[in-house]
2 protein chains.
Amino acid sequence: MRADAQKNHDKIVATAIEVFTEKGMDAPLDEIATRADVGPGTLYRHFPTREDLIDAVIKSWVLQIETAADDAVASDAPVREVLLRWFSAYVARISRNKGGPAKFTSAMGNSHSPIFSKCEVLRLANERVLDRFRHDGVIRADVDSLEVCRIIGGVAVVADQAGLDEAATVSMLGVVIDGLLRT
Amino acid sequence: MRADAQKNHDKIVATAIEVFTEKGMDAPLDEIATRADVGPGTLYRHFPTREDLIDAVIKSWVLQIETAADDAVASDAPVREVLLRWFSAYVARISRNKGGPAKFTSAMGNSHSPIFSKCEVLRLANERVLDRFRHDGVIRADVDSLEVCRIIGGVAVVADQAGLDEAATVSMLGVVIDGLLRT
DNA sequence: CCAGTATACGGAGTCATTCTCCGTTTAGCA
DNA sequence: TGCTAAACGGAGAATGACTCCGTATACTGG
């Protein structure tokens with residue numbers, strides 16, 4: 001890639017992180033272009049769709065999600081507590097920017113989405129956590145990771161769109177966790 | 001209200017029902033105006049916001065929700081089965097038009113929304129059903145109707161946005177129901 | 001029945017946003 | 001240093017929300 005192209009690419013991603021933080025993931029792309037001092041054409045050449053740009057922005061998350069999952073797998077606290085912490089981390093992650101939960105959760109399981117691979121990271125991290133407890137027989141075995149991601153994602157979407165606080169989210173997650181335990 | 005205004009009002013609502021069915025609840029309002037043979041100005045005078053129009057469109061539902069709730073309260077089938085049927089009806093209702101679940105669920109509990117009163121109908125119907133089982137002591141008492149509506153709504157939003165089939169929805173509802181039972 | 005007026009109409013027009021097209025510029029190479 | 005593929009960027013087309021205001025008309029009181 002040409003040096004100027006690389007520079008613009010990086011500048012766009014950096015600006016996108018800023019703008020998404022300020023205005024949510026549905027922020028006008030042209031504003032990102034303007035603030036990155038590039039033309040709209042340049043932005044769209046690098047990132048044909050909004051999701052392609054989101055994909056580039058997410059890269060930094062991946063590691064943190066993996067770490068949270070590692071913690072959950074390693075922790076010897078009670079199941080309920082471990083799951084609550086893990087799901088909270090999951091929700092916090094995808095909710096960092098307004099509109100994020102909807103973006104991730106509706107792309108989940110859709111292999112044609114530009115952010116599919118990032119969703120897979122989430123799904124697989126969740127799978128590792130669930131596997132640990134499935135192994136112990138403390139959670140039900142008939143629900144797969146994708147489905148759990150969707151339910152948790154649903155909670156995140158509602159919390160995001162209705163502007164709920166963390167307490168409300170935790171309470172809803174508690175219900176879902178109880179639904180996963182036993183059986 | 002002047003006779004011509006009434007006629008236009010009715011024509012707009014009828015057309016909106018059609019267009020929402022075809023294109024979802026985010027369909028262009030100008031298209032509704034065009035197809036109803038009125039100017040955009042007329043549509044916006046009658047319904048200042050999209051939600052005001054949705055509110056008018058919903059009127060026909062209310063009775064059906066009440067009926068489904070009545071059935072759930074009266075049924076002597078097992079809890080799990082009754083709840084599954086009720087929640088399925090709830091989800092089906094708000095998911096009738098694409099984009100519906102998000103509209104309803106994010107307005108739920110927000111008394112400033114034009115469709116708040118309709119959301120209250122949903123919430124109260126759900127409350128009646130929950131109350132019956134709370135009385136029997138078969139479901140947990142520490143989760144209120146609003147919260148349950150949000151969790152179920154979250155499932156509906158995800159199913160709607162990801163285009164999931166009914167089996168997937170039912171499976172997710174099953175998890176939530178298990179989370180509500182006991183304790 | 002008719003005139004006067006409040007009410008309602010409707011579409012042209014503005015604004016915001018997405019996305020494209022294409023003439024211009026430039027990095028990197030031979 | 002000159003050539004060319006690569007990249008740029010902004011004008012502008014397309015879509016959709018929403019407003020403004022000149023025009024038309026349904027009602028009412030005489």
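Kindly establish whether A:ALA69 is crowded, with 17+ Cβ neighbours inside 10 Å, out of contact with any Gly (no Cβ under 8 Å at 6 or more places or on another chain) and in the same structural domain as A:LEU173 (by TED's automatic domain parsing). Before you say what the answer is, go through the steps one by one.
Numbers: crowded, with 17+ Cβ neighbours inside 10 Å: yes; out of contact with any Gly (no Cβ under 8 Å at 6 or more places or on another chain): yes; in the same structural domain as A:LEU173 (by TED's automatic domain parsing): yes.
Spelling it out, A:ALA69 is indeed crowded, with 17+ Cβ neighbours inside 10 Å, out of contact with any Gly (no Cβ under 8 Å at 6 or more places or on another chain) and in the same structural domain as A:LEU173 (by TED's automatic domain parsing).
In the stretch A:149-181, what count of residues is obtained for those that are under 15 Å from B:GLY174 (Cβ atoms) and more than 8 Å from chain B (Cβ to nearest Cβ)? Lay out the reasoning, then the answer.
First pass over the stretch A:149-181, keeping only residues under 15 Å from B:GLY174 (Cβ atoms): A:150-151, A:154, A:175-181.
Subset that is more than 8 Å from chain B (Cβ to nearest Cβ): A:181.
Looking only at that region, the number is 1.
Scan the stretch A:16-68 for residues that are more than 15 Å from DNA strand D (Cβ to nearest atom) and over 26 Å from A:GLN161 (Cβ atoms) and report the count.
So the answer is 3.
Yes or no: A:LEU180 surrounded by fewer than 20 Cβ atoms within 10 Å (Cβ to Cβ) and at pLDDT 95 or above? Don't jump to the end; show me each part of the working.
On the way: surrounded by fewer than 20 Cβ atoms within 10 Å (Cβ to Cβ): no; at pLDDT 95 or above: yes.
The answer is no for A:LEU180.
Out of all the residues in the stretch B:156-170, is one or more among the hydroxyl-bearing types (Ser, Thr, Tyr), within 20 Å of B:GLU51 (Cβ to Cβ) and part of a helix (DSSP H, G or I)? I'd like the intermediate steps shown before the answer.
Start the filter on the stretch B:156-170 by keeping residues that are among the hydroxyl-bearing types (Ser, Thr, Tyr), which leaves B:169.
Checking which are within 20 Å of B:GLU51 (Cβ to Cβ) leaves us with none.
No, the stretch B:156-170 contains no residue that is among the hydroxyl-bearing types (Ser, Thr, Tyr), within 20 Å of B:GLU51 (Cβ to Cβ) and part of a helix (DSSP H, G or I).
Restricting to the stretch A:137-165, name every residue that is polar (S, T, N, Q) and over 23 Å from B:LYS103 (Cα atoms). Talk me through it step by step, then tell me what you get.
Of all residues in the stretch A:137-165, those polar (S, T, N, Q) come to A:145, A:161.
Selection gives A:SER145 alone.
Return the residue satisfying two criteria in turn: it lies in the stretch A:64-90 and is of a type in the set (S, T, N, Q) and at pLDDT 95 or above, and of such residues it is nearest to A:SER171 (Cα to Cα). Break it down into steps so the answer makes sense when it comes.
Initially, the stretch A:64-90 is screened for residues of a type in the set (S, T, N, Q), giving A:64, A:67, A:75, A:88.
Next cut, at pLDDT 95 or above only: A:67, A:75, A:88.
Working: A:THR67: 24, A:SER75: 22, A:SER88: 11 Å.
In this case the residue turns out to be A:SER88.
Conditions first: (1) without any contact (Cβ under 8 Å) to a residue 12 or more places away in the chain; (2) within 12 Å of DNA strand D (Cβ to nearest atom). A:ILE12 passes all but one, so which condition is the exception?
(1)
For every residue, the table says whether it meets (1) surrounded by 13 or more Cβ atoms within 10 Å (Cβ to Cβ); (2) at pLDDT 95 or above; (3) in contact with a Ser or Thr (Cβ under 8 Å, 6 or more places away or on another chain).
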position	(1), (2), (3)
A:THR15	yes, yes, no
A:ASP30	no, yes, no
A:VAL62	yes, no, no
A:ALA92	yes, yes, no
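The rows are residues; the columns are (1) closer than 14 Å to B:ILE94 by Cα; (2) free of Cβ contacts under 8 Å to residues at least 40 places away in the same chain; (3) of a type in the set (S, T, N, Q).
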{"position": "B:ALA16", "(1), (2), (3)": "no, no, no"}
{"position": "B:THR21", "(1), (2), (3)": "yes, no, yes"}
{"position": "B:PRO28", "(1), (2), (3)": "no, yes, no"}
{"position": "B:PHE47", "(1), (2), (3)": "no, yes, no"}
{"position": "B:LEU53", "(1), (2), (3)": "no, no, no"}
{"position": "B:ILE65", "(1), (2), (3)": "yes, no, no"}
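Looking at the stretch B:106-144 only, could you name the residues that are within 13 Å of chain A (Cβ to nearest Cβ), more than 14 Å from the chain's Cα centre (by Cα) and in a helix (DSSP H, G or I)?
Result: B:LEU130, single match.
For the condition over 18 Å from A:CYS149 (Cβ atoms) and out of contact with any strand residue (DSSP E or B) (no Cβ under 9 Å at 6 or more places or on another chain), what is the one hit in A:GLU81, A:GLU66?
Numbers: A:GLU66 fails: over 18 Å from A:CYS149 (Cβ atoms).
None of the others qualify; the one that does is A:GLU81.
The values are calculated or read from the model by the stated rules, or taken from the named source; none is laboratory data. What you see is a predicted model, and the numbers here were worked out from it, not measured in a lab. Reconstructed Cβ throughout: ideal geometry from the backbone, glycine too, with neighbour counts over all protein chains shown.
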